[in-house]
Every structure is written in structure tokens, then in C-alpha cells.
Amino acid sequence: MTGASSVDPAAARVALASVVPRLTALIRSIGDPGAHAVGEWNAGDVALHLAQAWEKLPALAAGEIESPLGAAAELAALTTTMVRDEPGRDLDAIAGRIEAAASAYLATPSSDEPRPWLVRGTSLPGSAFSCHLLNESLVHGHDIAHAEGRAWRIDPAHAGMAIMGFAFRALTAVDPRFPVDQEQAAGVRACFDIRVRRTGRVFLILDDGAMRIEPPSSRRVDCHLSAEPATLFLLIWSRTSEWPGVLSGRLALWGRRPWLGARLPQMLRNP
């Protein structure tokens, strides 16, 4: 796999079928739904958000609902409002909603045809919707487990699918200035060679507050970054810093301007 290319749709569904039982078991076992998980959400809020994502994304993929966002910057407010406005945190019911939505989604024929995504005017291939659901399940499973003081293993192959099949794909679909911290990245012009080990590779280009994803090419690279998929996945979503990965060898930086690799997480925003 090179560039931000599609993941095999069938492989993405196999990954989902593997992750969902672990996720719903985790949700049912939450001991303290009020424990802080991420941002302003507690563990119960995160579980509810997952149920909402599992219900809305397949409906969007099937064309049953319209794209809800005028711009990617509206996403945080939308998800926060959806969680806030739905009363109740019955964990067994929430897990059941995820199981029902996953069963229905995985029973539909897989297709990689483009379809409208969350932001009006954008589209992603069918596999990207599966990888989006995988991304949500992995990162928020991590959040719930962290709130509970428990481990949450992320399969490297699953993390690689979420990165290459969703995160990089989505970055090509949104406003190029949206993912970038305009203050931190002001004046920075650089090419990053991002190598997701055993998975794929892209060039990430920063151009004074704008970002784009390109297939690898002969253009001059400023910083090479090679990472284990799960390490990079958590780094992308601001669930860890770069230093544990660097010190353990799970993340390596080199090139003409390697210090830019250490700055990259600060120059990108987590939606």
C-alpha cells in the first residue's frame, strides 16, 4: 500500500468483527461511568459517543442520512451536543446498540465505491467508512480502558488500517488548513516522509499553515518518520507523546531537519 490508498474493504470488516466484541465487553464492564476519560467526557459519555458513531456512520455510508457538517471544524461541537443531549448511560443498552449496528453493517455487501462523507461536498471510498468505525472503536476503547486503569491492546494491523484507510484519507478531503495549528506551524514549509511500518507510506507536506497528503515521490524530504502503527495511531490522536516511542525504538526520526519531526504533533490539531 502506497500513498493514502484504500484498505481492502473485506479486511477492514474482518478487523471490525474482531474489535467489536472486545469493545462491547469493555463497555459492559465499566466500573465507574463518571470517571474522566478524554476532554470533557467521562467513560459513560465516550461509550455513548461510540454507539452514536456506530449508528450514524453506517447510515451515512448507505445514503440514509445527509452529510451533517458544513465544515470539518464543526465536528467537535456536533459530537459534544449529541452526547450532551441524549439522556441516560445504560451501559448494557449502549453495548447492545453497538452490537446491533455492527451486525447490520457487517451483513451488508462490501463496496469501495465513493460515497458522501461527514462534510458536505466530500466523499470517501466505502473502505474508509469501515476504517473510520475502526478508528473510533480503537481510540475510544483506549480512552475507556485508560479511565478504568486497564490495558487496551491495539493490534498493529488494525492501527495501520485506521491510519492509512481513514486518517490520511480524511485529511485529503478536508480544508488543508483545518488540521494545522496555525500559530505553531506559521512559516513552516517542509516535507515529512511518514512510514507506517509494515503498512504503508505517505508524504505529509506543510506549507505555512496548510497541509496535504501525497504519495511518496522524488521530492526532497526534510524529515523521515518511521513508526510502529499503534504508536503512531495514539500519537496522531494525541493520546501519547512522541518520547516514549522514540526511547523504545517504536518511533524513529532522521533527515535534513529531524527536529521538525518532534515538533510535528504540536503543529497538527486533534479535531
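Every number in this text was worked out from the coordinates using simple rules, so none of it is lab data. What you see is a predicted model, and the numbers here were worked out from it, not measured in a lab. Note: ideal-geometry Cβ built from the backbone for every residue, glycine included; neighbour counts use all protein chains shown.
Expressed in whole Å with the largest first, what are the equivalent ellipsoid semi-axes of the chain derived from the C-alpha gyration tensor as the square root of 5 times each eigenvalue?
On the way: eigenvalues 176, 86, 66 Å².
Semi-axes from the Cα gyration tensor: 30, 21, 18 Å.
Suppose every K and R has +1 on its Cβ and every D and E has -1 on its Cβ; what is the size of the dipole of the range 69-114 about the Cα centre, in Debye to the nearest 20? Walk me through the numbers on the way to the answer.
On the way: 3 positive and 8 negative charges, 28 e Å.
Charge dipole of the range 69-114: 140 debye, to the nearest 20.
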Kindly give the semi-axes, whole Å and largest first, of the ellipsoid equivalent to the range 1-152, taking each as the square root of 5 times a Cα gyration tensor eigenvalue. 25, 18, 14
Cα centroid of the range 175-222 to Cα centroid of the range 45-83, whole Å: 27
Considering the chain as a Gaussian network with a 10 Å cut-off on Cα pairs, which listed residue, Asp193, Asp45, Asp175, attains the greatest mean-square fluctuation? Asp175
Extension reserve of the Glu40-Asp175 stretch, reckoned as 0.36 nm per residue once the Cα distance is removed: 46.0 nm
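Relative to the present Cα-Cα distance, how much length would full extension add between Ser218 and Leu75 at 0.36 nm per residue of separation? Don't jump to the answer; show the numbers that get you there.
Working: separation 143, 0.36 × 143 = 51.48 nm, distance 3.54 nm.
That works out to 47.9 nm of additional length.
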Have a look at Gly209, Phe233, Val196 and report the one farthest towards the positive end of the charge dipole of the range 190-236, computed about the Cα centre with Cβ charges (Lys/Arg +1, Asp/Glu -1). Val196
The set of residues whose placed amide H lies less than 5 Å from the amide H of Ser123, leaving out same-chain residues fewer than 5 positions away, is Trp117
Rounded to the nearest 20 debye, what is the charge dipole size of the chain about its Cα centre when +1 sits on each Lys and Arg Cβ and -1 on each Asp and Glu Cβ? 1040
Residue with peak Gaussian network fluctuation, the chain [Cα springs, cutoff 10 Å], from Ser218, Ser18, Ser103: Ser218
The range 237-243 - phi-based ³J(HN,Hα) in whole Hz, Karplus 6.51/-1.76/1.60, Gly and Pro as x: 9, 6, 9, 7, 9, 6, 5
Find the percent of Cα-Cα distances in the range 146-271 that exceed 24 Å, and round it to a whole number. 22
Amide H contacts under 5 Å for Val188, restricted to residues at least 5 apart in sequence or on another chain and with H modeled in the peptide plane, are Asp208, Gly209
